[in-house]
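Below you'll find the structure, written out as C-alpha coordinates, and then a few comments.
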Amino acid sequence: MVLLLIIIPGRNYIDESIELAKKIGAEVLNVKYKVFPDGEKYVRIENSEKIMGKPVIISNTMYPSQNDSFIETLMLINASIKANASRIVAYIPYLAYSRQDKVFLTGEPVSAEIVLKTLYYTGIDCLITIDIHSEQVLKELNKCFYNIQVFDILFNNVKHLVNDPIVIAPDKGALNRAKYLADKFSLQYDYLVKERDRVTGEITIQTREIDIRNRDIVIVDDIISTGGTIAEASRKLIEKGARRVIVCASHGLLIGSAIDNIKKAGVLKIVLANTLGIRFQDPFIEYVDVSERIAKILLEVLK
Ligand code: R5P
(Lines give C-alpha, C1' and ligand atoms only; values in the text may rest on other atoms or scores of the structure.)
Protein backbone atom coordinates (compact mmCIF):
# COMPACT_ATOMS: atom_id res chain seq x y z
CA MET A 1 0.00 0.00 0.00
CA VAL A 2 1.38 3.42 -0.88
CA LEU A 3 1.02 5.80 2.03
CA LEU A 4 1.01 9.53 1.82
CA LEU A 5 2.33 11.65 4.59
CA ILE A 6 1.22 15.23 4.34
CA ILE A 7 3.46 17.54 6.27
CA ILE A 8 2.85 21.06 7.39
CA PRO A 9 5.95 23.06 6.64
CA GLY A 10 6.97 26.03 8.69
CA ARG A 11 6.72 26.51 12.34
CA ASN A 12 6.06 23.14 13.85
CA TYR A 13 7.00 19.67 12.74
CA ILE A 14 8.67 19.40 9.33
CA ASP A 15 11.91 17.57 10.10
CA GLU A 16 10.20 15.10 12.40
CA SER A 17 7.50 14.39 9.81
CA ILE A 18 10.09 13.78 7.09
CA GLU A 19 11.91 11.41 9.44
CA LEU A 20 8.67 9.56 10.12
CA ALA A 21 7.87 9.39 6.41
CA LYS A 22 11.25 7.73 5.77
CA LYS A 23 10.54 5.13 8.44
CA ILE A 24 7.20 4.10 6.97
CA GLY A 25 8.08 4.58 3.31
CA ALA A 26 5.56 7.37 2.87
CA GLU A 27 5.61 10.18 0.38
CA VAL A 28 5.76 13.70 1.74
CA LEU A 29 3.63 16.34 0.10
CA ASN A 30 4.66 19.92 0.59
CA VAL A 31 2.17 22.46 1.87
CA LYS A 32 2.14 26.12 0.95
CA TYR A 33 0.58 28.49 3.32
CA LYS A 34 0.11 32.17 3.67
CA VAL A 35 -1.67 34.73 5.75
CA PHE A 36 -4.28 37.03 4.22
CA PRO A 37 -3.97 40.77 4.92
CA ASP A 38 -6.76 40.50 7.51
CA GLY A 39 -4.85 37.80 9.40
CA GLU A 40 -6.76 34.75 8.15
CA LYS A 41 -4.77 31.64 7.25
CA TYR A 42 -4.56 29.87 3.90
CA VAL A 43 -3.09 26.44 3.14
CA ARG A 44 -2.68 24.53 -0.09
CA ILE A 45 -1.36 20.98 -0.43
CA GLU A 46 0.93 20.77 -3.46
CA ASN A 47 0.43 17.88 -5.89
CA SER A 48 -2.80 17.06 -4.12
CA GLU A 49 -3.97 14.92 -7.06
CA LYS A 50 -1.75 12.20 -5.56
CA ILE A 51 -4.09 11.96 -2.58
CA MET A 52 -7.04 10.52 -4.52
CA GLY A 53 -8.03 7.18 -2.96
CA LYS A 54 -5.01 7.06 -0.64
CA PRO A 55 -4.73 7.13 3.15
CA VAL A 56 -3.25 10.37 4.43
CA ILE A 57 -1.41 11.16 7.62
CA ILE A 58 -1.54 14.73 8.79
CA SER A 59 1.50 15.19 10.99
CA ASN A 60 1.66 18.35 13.01
CA THR A 61 2.10 19.42 16.59
CA MET A 62 0.30 22.13 18.49
CA TYR A 63 3.11 24.01 20.20
CA PRO A 64 4.25 26.68 19.72
CA SER A 65 1.47 28.83 18.20
CA GLN A 66 -1.32 26.61 19.48
CA ASN A 67 -4.19 28.46 17.80
CA ASP A 68 -2.51 28.81 14.42
CA SER A 69 -1.44 25.19 14.29
CA PHE A 70 -4.92 24.07 15.32
CA ILE A 71 -6.67 25.89 12.48
CA GLU A 72 -3.96 24.88 9.99
CA THR A 73 -4.35 21.25 10.97
CA LEU A 74 -8.12 21.48 10.48
CA MET A 75 -7.58 23.08 7.07
CA LEU A 76 -5.22 20.29 6.02
CA ILE A 77 -7.75 17.68 7.11
CA ASN A 78 -10.45 19.39 5.08
CA ALA A 79 -8.15 19.83 2.08
CA SER A 80 -7.34 16.10 2.21
CA ILE A 81 -11.04 15.25 2.21
CA LYS A 82 -11.62 17.56 -0.75
CA ALA A 83 -8.74 15.76 -2.51
CA ASN A 84 -10.53 12.43 -1.90
CA ALA A 85 -8.26 10.80 0.68
CA SER A 86 -9.47 7.30 1.53
CA ARG A 87 -8.65 7.70 5.25
CA ILE A 88 -7.18 10.40 7.39
CA VAL A 89 -5.01 9.72 10.41
CA ALA A 90 -3.83 12.70 12.44
CA TYR A 91 -0.51 12.36 14.23
CA ILE A 92 -0.43 15.21 16.73
CA PRO A 93 2.12 14.43 19.45
CA TYR A 94 1.24 17.49 21.52
CA LEU A 95 -2.42 18.40 21.79
CA ALA A 96 -2.89 21.97 22.90
CA TYR A 97 -5.50 22.81 25.56
CA SER A 98 -5.40 19.26 26.92
CA ARG A 99 -4.96 20.43 30.51
CA GLN A 100 -8.36 22.14 30.58
CA ASP A 101 -9.93 18.71 30.67
CA LYS A 102 -12.79 19.48 33.03
CA VAL A 103 -14.77 22.35 34.46
CA PHE A 104 -12.62 23.29 37.45
CA LEU A 105 -14.46 26.54 38.19
CA THR A 106 -18.05 27.18 37.16
CA GLY A 107 -18.36 29.02 33.87
CA GLU A 108 -15.28 27.38 32.33
CA PRO A 109 -15.30 25.34 29.10
CA VAL A 110 -13.72 21.90 28.65
CA SER A 111 -11.23 23.12 26.07
CA ALA A 112 -9.69 19.68 25.51
CA GLU A 113 -13.10 18.42 24.41
CA ILE A 114 -13.45 21.29 21.91
CA VAL A 115 -10.09 20.52 20.30
CA LEU A 116 -10.72 16.79 20.05
CA LYS A 117 -14.32 16.98 18.90
CA THR A 118 -13.38 19.49 16.22
CA LEU A 119 -10.60 17.24 14.89
CA TYR A 120 -12.97 14.29 14.58
CA TYR A 121 -15.84 16.41 13.27
CA THR A 122 -13.60 17.86 10.57
CA GLY A 123 -12.92 14.35 9.38
CA ILE A 124 -10.09 12.40 10.95
CA ASP A 125 -10.64 8.66 11.24
CA CYS A 126 -8.05 8.14 13.92
CA LEU A 127 -5.83 10.23 16.19
CA ILE A 128 -2.35 9.31 17.35
CA THR A 129 -0.93 11.42 20.13
CA ILE A 130 1.75 11.22 22.77
CA ASP A 131 0.81 11.25 26.44
CA ILE A 132 -2.29 13.41 26.40
CA HIS A 133 -2.79 15.08 29.77
CA SER A 134 -5.94 13.11 30.49
CA GLU A 135 -6.92 10.13 28.39
CA GLN A 136 -10.42 10.24 29.83
CA VAL A 137 -11.53 13.03 27.46
CA LEU A 138 -10.42 10.94 24.50
CA LYS A 139 -12.09 7.78 25.80
CA GLU A 140 -15.40 9.56 26.23
CA LEU A 141 -15.51 10.44 22.53
CA ASN A 142 -15.50 6.76 21.65
CA LYS A 143 -13.44 7.24 18.48
CA CYS A 144 -10.26 5.59 17.22
CA PHE A 145 -7.24 6.89 19.13
CA TYR A 146 -3.77 5.82 20.24
CA ASN A 147 -2.29 7.62 23.22
CA ILE A 148 1.35 6.57 23.19
CA GLN A 149 3.65 6.54 26.22
CA VAL A 150 7.39 6.98 25.63
CA PHE A 151 8.84 7.21 29.16
CA ASP A 152 10.69 3.93 28.69
CA ILE A 153 12.45 5.31 25.59
CA LEU A 154 13.35 8.51 27.44
CA PHE A 155 14.63 6.72 30.55
CA ASN A 156 16.66 4.26 28.52
CA ASN A 157 18.79 7.19 27.33
CA VAL A 158 19.69 8.38 30.84
CA LYS A 159 19.45 5.32 33.05
CA HIS A 160 23.25 5.29 33.43
CA LEU A 161 22.93 8.55 35.43
CA VAL A 162 21.03 6.94 38.29
CA ASN A 163 21.20 3.81 40.41
CA ASP A 164 18.03 1.81 41.18
CA PRO A 165 15.89 4.98 41.19
CA ILE A 166 12.38 5.41 42.58
CA VAL A 167 9.99 6.72 39.94
CA ILE A 168 7.97 9.62 41.30
CA ALA A 169 4.87 11.28 39.87
CA PRO A 170 4.58 14.92 40.98
CA ASP A 171 0.85 14.45 41.57
CA LYS A 172 -1.64 11.63 41.83
CA GLY A 173 -2.88 12.33 38.29
CA ALA A 174 0.53 11.32 36.93
CA LEU A 175 0.69 8.07 38.92
CA ASN A 176 -0.16 5.95 35.85
CA ARG A 177 2.90 7.46 34.16
CA ALA A 178 5.15 6.51 37.07
CA LYS A 179 3.67 3.00 37.10
CA TYR A 180 4.21 2.65 33.35
CA LEU A 181 7.92 3.41 33.64
CA ALA A 182 8.44 1.56 36.91
CA ASP A 183 6.84 -1.61 35.53
CA LYS A 184 9.03 -1.55 32.42
CA PHE A 185 12.24 -1.43 34.48
CA SER A 186 11.06 -3.20 37.68
CA LEU A 187 11.46 -0.08 39.80
CA GLN A 188 9.65 1.21 42.88
CA TYR A 189 7.22 4.09 42.31
CA ASP A 190 5.13 6.58 44.22
CA TYR A 191 3.48 9.99 43.87
CA LEU A 192 3.58 13.36 45.64
CA VAL A 193 0.60 15.34 46.82
CA LYS A 194 0.20 18.50 44.72
CA GLU A 195 -2.39 21.18 45.17
CA ARG A 196 -2.92 24.01 42.72
CA ASP A 197 -4.79 27.22 43.46
CA ARG A 198 -7.15 27.32 40.50
CA VAL A 199 -7.23 31.13 40.50
CA THR A 200 -3.57 32.10 41.05
CA GLY A 201 -2.06 28.89 39.62
CA GLU A 202 0.21 28.64 42.69
CA ILE A 203 1.17 25.09 43.68
CA THR A 204 2.18 23.36 46.91
CA ILE A 205 3.72 19.90 46.99
CA GLN A 206 4.07 17.48 49.88
CA THR A 207 5.98 14.20 49.96
CA ARG A 208 4.28 11.09 51.36
CA GLU A 209 5.56 8.36 53.68
CA ILE A 210 7.96 6.70 51.25
CA ASP A 211 11.62 6.68 52.38
CA ILE A 212 13.72 8.43 49.75
CA ARG A 213 16.85 9.05 51.81
CA ASN A 214 19.97 8.46 49.67
CA ARG A 215 17.82 7.21 46.84
CA ASP A 216 17.99 8.36 43.23
CA ILE A 217 14.76 9.66 41.77
CA VAL A 218 13.21 9.87 38.31
CA ILE A 219 10.33 12.32 38.19
CA VAL A 220 7.91 11.70 35.34
CA ASP A 221 5.35 14.16 34.02
CA ASP A 222 3.44 14.85 30.82
CA ILE A 223 4.11 18.57 30.43
CA ILE A 224 6.72 20.91 31.84
CA SER A 225 5.34 24.39 31.33
CA THR A 226 6.58 27.01 33.81
CA GLY A 227 8.65 24.33 35.52
CA GLY A 228 7.00 25.19 38.85
CA THR A 229 5.79 21.64 39.46
CA ILE A 230 9.13 19.97 38.70
CA ALA A 231 11.18 22.56 40.61
CA GLU A 232 8.98 22.33 43.69
CA ALA A 233 8.80 18.52 43.58
CA SER A 234 12.59 18.26 43.21
CA ARG A 235 13.23 20.69 46.05
CA LYS A 236 10.95 18.71 48.36
CA LEU A 237 12.52 15.38 47.41
CA ILE A 238 16.08 16.69 47.89
CA GLU A 239 15.06 18.26 51.24
CA LYS A 240 13.90 14.80 52.32
CA GLY A 241 17.27 13.28 51.44
CA ALA A 242 17.01 12.22 47.79
CA ARG A 243 20.45 11.87 46.19
CA ARG A 244 20.14 12.48 42.44
CA VAL A 245 17.00 13.70 40.67
CA ILE A 246 16.44 13.39 36.94
CA VAL A 247 13.27 14.25 35.04
CA CYS A 248 11.59 12.48 32.14
CA ALA A 249 8.79 14.46 30.52
CA SER A 250 6.84 13.98 27.31
CA HIS A 251 6.44 17.65 26.38
CA GLY A 252 8.95 20.33 27.39
CA LEU A 253 7.40 23.75 26.85
CA LEU A 254 9.81 25.24 29.41
CA ILE A 255 8.37 28.72 29.48
CA GLY A 256 10.41 31.75 30.65
CA SER A 257 12.88 30.88 33.40
CA ALA A 258 11.71 27.27 33.73
CA ILE A 259 15.10 25.78 32.86
CA ASP A 260 16.99 27.92 35.37
CA ASN A 261 14.44 27.30 38.10
CA ILE A 262 14.64 23.55 37.60
CA LYS A 263 18.44 23.66 37.59
CA LYS A 264 18.40 25.70 40.81
CA ALA A 265 16.13 23.14 42.42
CA GLY A 266 18.95 20.59 42.07
CA VAL A 267 17.82 18.52 39.08
CA LEU A 268 20.63 16.73 37.24
CA LYS A 269 19.03 16.34 33.82
CA ILE A 270 15.77 16.75 31.92
CA VAL A 271 14.97 14.24 29.19
CA LEU A 272 12.24 15.17 26.71
CA ALA A 273 10.54 13.54 23.75
CA ASN A 274 10.75 15.39 20.42
CA THR A 275 7.06 16.29 20.42
CA LEU A 276 7.22 20.06 19.93
CA GLY A 277 8.31 22.53 17.29
CA ILE A 278 10.91 24.03 19.63
CA ARG A 279 14.23 22.74 20.89
CA PHE A 280 16.30 24.32 23.64
CA GLN A 281 20.07 24.27 23.14
CA ASP A 282 21.28 23.42 26.63
CA PRO A 283 23.30 20.37 27.68
CA PHE A 284 20.99 20.12 30.71
CA ILE A 285 18.24 19.05 28.31
CA GLU A 286 18.33 15.91 26.25
CA TYR A 287 15.86 15.28 23.42
CA VAL A 288 14.98 11.76 22.43
CA ASP A 289 13.54 10.86 19.05
CA VAL A 290 10.47 8.66 19.50
CA SER A 291 9.57 8.32 15.81
CA GLU A 292 10.40 4.60 15.72
CA ARG A 293 7.51 3.82 18.04
CA ILE A 294 5.14 6.16 16.20
CA ALA A 295 6.09 4.62 12.86
CA LYS A 296 5.12 1.17 14.15
CA ILE A 297 1.76 2.43 15.37
CA LEU A 298 1.07 4.24 12.09
CA LEU A 299 1.76 1.12 10.09
CA GLU A 300 -0.55 -0.83 12.40
CA VAL A 301 -3.36 1.74 12.09
CA LEU A 302 -3.07 1.87 8.32
CA LYS A 303 -2.79 -1.91 7.78
C1 R5P B 1 -0.50 19.18 35.51
O2 R5P B 1 -1.28 18.43 36.11
C3 R5P B 1 0.49 18.66 34.52
O4 R5P B 1 0.56 17.28 34.53
C5 R5P B 1 1.87 19.24 34.76
O6 R5P B 1 2.34 18.83 36.03
C7 R5P B 1 1.80 20.75 34.72
O8 R5P B 1 1.19 21.16 33.54
C9 R5P B 1 3.16 21.36 34.81
O10 R5P B 1 3.04 22.75 34.76
P11 R5P B 1 4.16 23.68 35.34
O12 R5P B 1 5.45 23.27 34.70
O13 R5P B 1 3.73 25.07 34.94
O14 R5P B 1 4.17 23.51 36.82
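So, in region 261-277, of the ones that are of a type outside the set (A, V, I, L, M, F, W, C) and assigned to a loop (DSSP other than H, G, I, E, B), which residue ends up nearest to Tyr13 (Cα to Cα)?
Only one residue tops the list, namely Gly277.
Filter region 233-247 down to the residues that are in contact with a helix residue (DSSP H, G or I) (Cβ under 9 Å, 6 or more places away or on another chain) and among the small types (Gly, Ala, Ser), then identify the one that is nearest to the ligand (Cβ to nearest atom).
Filtering region 233-247 for residues that are in contact with a helix residue (DSSP H, G or I) (Cβ under 9 Å, 6 or more places away or on another chain) and among the small types (Gly, Ala, Ser), the one nearest to the ligand (Cβ to nearest atom) comes out as Ser234.
Here is a check on your reading of the model: is Ala273 more than 30 Å from Arg213 (Cβ to Cβ), crowded, with 22+ Cβ neighbours inside 10 Å and in contact (Cβ under 8 Å) with a residue 60 or more places away in the chain?
yes
For region 11-92, which fully contained strands (runs of 3 or more DSSP E) count at least 1 residues that are on the phi < 0 side of the Ramachandran plot and in contact with a Ser or Thr (Cβ under 9 Å, 6 or more places away or on another chain)?
Once the strands (runs of 3 or more DSSP E) in region 11-92 are filtered for at least 1 residues that are on the phi < 0 side of the Ramachandran plot and in contact with a Ser or Thr (Cβ under 9 Å, 6 or more places away or on another chain), what remains is 27-29, 41-45, 55-59, 87-91.
With touching a helix residue (DSSP H, G or I) at 6+ places or on another chain (Cβ under 7 Å) and either touching a residue at least 60 places away in the same chain (Cβ under 8 Å) or of a type in the set (Asp, Glu) (or both) as the only criterion, which of Ile219, Ile230 stands out?
Ile230
Any residue that is within 16 Å of the ligand (Cβ to nearest atom), surrounded by 17 or more Cβ atoms within 10 Å (Cβ to Cβ) and of a type in the set (Asp, Glu) - is there at least one of those in region 191-213?
no
Do we find that Ser250 is crowded, with 23+ Cβ neighbours inside 10 Å, assigned by TED's automatic domain parsing to the domain that holds Ile166, within 16 Å of the ligand (Cβ to nearest atom) and among the small types (Gly, Ala, Ser) in this structure?
yes
Checking Val158 against (1) surrounded by fewer than 18 Cβ atoms within 10 Å (Cβ to Cβ); (2) away from the ligand (no atom under 16 Å from the Cβ); (3) more than 30 Å from Thr118 (Cα to Cα), only one condition comes out false. Which one?
Failing condition for Val158: (1).
So which strands (runs of 3 or more DSSP E) stay within region 182-246 end to end and still have 3 or more residues that are hydrophobic (A, V, I, L, M, F, W, C), within 22 Å of the chain's Cα centre (by Cα) and closer than 14 Å to Ala169 by Cα?
217-224
Look at Thr207 and say whether it is hydroxyl-bearing (Ser, Thr, Tyr) and modelled with pLDDT of 95 or more.
Spelling it out, it is not the case that Thr207 is hydroxyl-bearing (Ser, Thr, Tyr) and modelled with pLDDT of 95 or more.
The values are calculated or read from the model by the stated rules, or taken from the named source; none is laboratory data. Note that this is a predicted model, so its numbers are computed, not measured. All Cβ positions, glycine included, derive from the backbone under ideal geometry; neighbour counts span all protein chains shown.
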